[in-house]
Structures are given as structure tokens and as C-alpha cells.
1. Once R0 is set to 45 Å, what does the formula 1/(1 + (r/R0)^6) return for the Cβ-Cβ distance between ALA40 and ALA238, expressed as a FRET efficiency to the nearest 0.05?
2. Is the range 1-138 rounded, prolate or oblate when judged by the Cα gyration tensor, a ≥ b ≥ c being the square roots of its eigenvalues, rounded requiring a/c under 1.5 and prolate requiring a/b larger than b/c?
3. Could you tell me the calculated FRET efficiency between ARG83 and ARG245, based on Cβ-Cβ distance and R0 = 41 angstrom, to the nearest 0.05?
4. Hey, in the GNM for the chain with a 10 angstrom Cα cutoff, which one of GLN226, GLN54, GLN109 fluctuates hardest?
5. If you take all C-alpha pairs in the range 3-233, what percent of them are over 34 Å apart?
6. What shape does the range 68-125 have by the C-alpha gyration tensor, where a ≥ b ≥ c are the square roots of the eigenvalues, rounded means a/c under 1.5, and otherwise prolate means a/b greater than b/c and oblate the rest?
7. List every residue whose amide H lies under 5 Å from the amide H of ASP244, counting only residues 5 or more places away in sequence or on a different chain, with H placed 1.01 Å from N in the peptide plane.
8. Spin-label point model (7 Å from Cα, Cβ direction): what's the ALA56 to ALA218 distance in nm?
Amino acid sequence: MDNTQRSQPGALALVGSGEYTPAMNETDRFLLDTLADPRAARVALLPTASALEQGAPERWNRMGAEHFAALDAQVVPLLLLTRDDATDPRIVAALRTADLFYFSGGDPQHLVETLRGTPAWDTIRERHAGGAVIAGCSAGAMMLGGYTLGIRALMNGQPPQWPAALGLLPHIAVMPHFDRAAQFIGEERFRALIAAAPAGVTLVGVDEDTALLHLPAAGWHVLGRQTVSVFDGTGGRAIYHAGDRMLLGNGRL
């Protein structure tokens, strides 16, 4: 299938947690169905964010292969783990044939540093512009925004840190596992986090087993068992449930 002839970008999915589990069946079936020929769709599995955890990339790819095969998709598990991998002609060639790119969880900064300015990321961006889908779970969702959040530093009592991400969604910063993370951060540190957010960036908290989806013709909407929280610059919070629609990032991607 050649999506490069389509006139608009593909769908995007920001997933709070639950990649490759039954909790994401509805979301991933929906994403596949946005493609011109879902049964011919090729899904590239990208465990890059977990590269520093021994055995984790292989485990994620096994889970992903089983999950998407059950959804009748063709699966392309790729071990894109380093910057050398992101310039490997064989991996880049495989990415050119994919219709859905799925980034599983791990370390968002490793993911950003591995992909930034590489042929692999350029190819993924090009394919998405032509109609391919990009889905990111946890770290995979964080890296798509303008900035990532230094969660570990925050949990260790350090001031909030907002390292630059890959900027596919430059006006958004994603906080995954939001329902669970918010319990540990505490109200005082969360207020500091909101106050330290980069100017012009909307903070979006995506709960576990929940996805925030973007379709070019329909905008943003929520799927999953929990909620998505959107914060304004003063700390005000709007909560969205499955089926709800919204504007994000000043209405722009």
C-alpha cells in the first residue's frame, strides 16, 4: 500500500499506557481502520525507548507482534535502538514500507536523542505526512510533543525540567500514566510543574489505558477506559472522557 499519494497526514495517537494489551484493542483497531486498506497495513514496531533495559525491546516486539497479528495486520518488528540503527539503510528501507508506526514505552530522552535528525525519523515524518499513522505510548507519546517532562528528576525533588522533544506536536507536552503519576507528584510539586511549563505549550495528562487521538478531518478525541486532562497556563484543568472532542495546541499541530 502506498499512502504517499494521500493529500493529508495520517492519524496520531498519544497513549497513556497499555501498549499491546487488550485495553488498546479498540484504539488500535480504530487506527488501522483509518488507513486505505487496513488488511494490507504494515505495522512497524519500534521499542527504541526501552533500549537501555536488557531484554525489553525484544519483549515489547513479541507483545506487539502478537497484538497486531490478532488485529489482522502485517507486523514489522524493528530493533531500532541506537543512532547507528537510525541511519541503517535496511531499517530505513523497512520504515518506508510501513503504514503505522508504534513507539512503545521506556526512556523518552533516549528515544528523542536516538531519532533526532536521523534518516529514520525523517522517513517516519514523510510517511506520516503522506497518510501513515504514528502511535506513541508513554515515552513514545512524550517524544512527539514540543517538550518532554523529566519525571525522575521531579520525583527526586528536583525542580521541573522540560527537555526538548521531537516537536511533531510543538504546542503540546504529554504527561502519560497521568492518573498514577499525579498521586505521587503531590499538589505542591504539581503546581510548580505547571508554573514551569514552557510558554505557549499546553500540558496534556493521558491516563493509563487511555488514548488521545488526532484525525486531520475530525480533530482530537478520547478513547479508552479513563480520561485526558488538559491544563491552561494558570493550572485550570479540563477533563475529557471517551468520545469527547477538543481543541489542542492553539488549534494547530
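1. 0.70
2. It comes out oblate by the Cα gyration axes.
3. Between ARG83 and ARG245 the formula returns 0.60.
4. GLN54
5. I get 9 percent for the Cα pairs in the range 3-233 exceeding 34 Å.
6. Values: a/c = 2.16, a/b = 1.40, b/c = 1.54.
Taking the square roots of the gyration eigenvalues as a ≥ b ≥ c, the range 68-125 is oblate.
7. Distant-sequence amide H within range of ASP244: VAL222.
8. According to this spin-label approximation, the distance is 3.3 nm.
Since every read-out is calculated from the coordinates, none of them should be taken as a lab result. As the structure is a computational prediction, the values presented were derived from the model and not from experiment. Heads up, the Cβs are rebuilt from the backbone with ideal geometry, glycines too, and the neighbour counts pull from every protein chain shown.
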